Amino acid sequence: MSRLPDLPDTIPVFPLPGALLLPRARLPLHLFEPRYLAMLDDCLKTESRLIGMVQPAPTPRNEKALHKIGCAGRLTQFSETEDGRYMITLTGISRFRVQREIDGFTPYRRCEVDWAGFEADRGKPEHDTEFGRESFLKLLDKYFSARELSADWATLKEADDELLINSLSMLLDFDAEEKQALLEAPSLSTRRETLVTLIEYTLRGGGETGEGPLQ
């Protein structure tokens, strides 16, 4: 990953329900709304090329409310389709805490953010020393069978702890609040524990189908 300049105090945010980005992971997105095409255009003009992914958290008093914690990704790939849409890839850099939303003239939303407390996100990949991979993969097999999904088991067995846990956290069909719980997990081990709980809950019949990141 290329070195970033100092993290900015204000970043554009993309409030997309169910779309989870985690540090050092990659998230593909499909942009076609004019406001997000404007966001992409402005992002490309900045040195950091950061876009913040954050879950909406509507309340009775504020239907546009956001969750307080999101994750910023650096724009690392983009391509234009023949009809003017864009496929982009964000590479997760760091989580952040939303301080306040910035009123302004941009058609997309921007927030003042605080990066403190998430220094580990910008360090080396994490390891889960208590990870029981064999039992975890057996549980995952049950989940995939129940959902009639296929998997590349050779890749799953060989993937590093962080890549495996974070990729599954991003890709599996959990709802927005469950994705937020995975995002806010303070460590890789607690994220794995949360992921196991959500998979077990789904297998017991408690899960509902959510939306994926490609809209």
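Computed quantities for the displayed model
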| quantity | calculated |
| --- | --- |
| All helices (runs of 4 or more DSSP H) inside the stretch 97-181 with 3 or more residues being out of contact with any Leu (no Cβ under 6 Å at 6 or more places or on another chain) and surrounded by fewer than 13 Cβ atoms within 10 Å (Cβ to Cβ) | 133-147, 153-158 |
| Selection count, the stretch 1-55, where residues are free of Cβ contacts under 8 Å to residues at least 40 places away in the same chain and of a type in the set (F, W, Y) | 0 |
| In the stretch 80-96, the residues that are small (G, A, S) and surrounded by 19 or more Cβ atoms within 10 Å (Cβ to Cβ) | G92, S94 |
| Flag if L139 is closer than 30 Å to L37 by Cβ and either touching a residue at least 60 places away in the same chain (Cβ under 8 Å) or not assigned by TED's automatic domain parsing to the domain that holds C71 (or both) | no |
| The stretch 32-49, residues that are at negative phi and either in contact with a Lys or Arg (Cβ under 6 Å, 6 or more places away or on another chain) or in a helix (DSSP H, G or I) (or both) | F32, P34, R35, Y36, L37, A38, M39, L40, D41, D42, C43, L44 |
| Residues within the stretch 144-185 that are at pLDDT 95 or above and of a type in the set (F, W, Y), tallied | 0 |
| When residues of the stretch 90-141 are limited to those that are of a type in the set (F, W, Y) and more than 22 Å from L27 (Cβ to Cβ), the one farthest from the chain's Cα centre (by Cα) | F105 |
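The values are calculated or read from the model by the stated rules, or taken from the named source; none is laboratory data. It should be emphasised that the depicted structure is a prediction, and the values quoted were computed from it without experimental measurement. With ideal geometry, Cβ positions are generated from the backbone for all residues, glycine too; neighbour counts draw on all protein chains shown.
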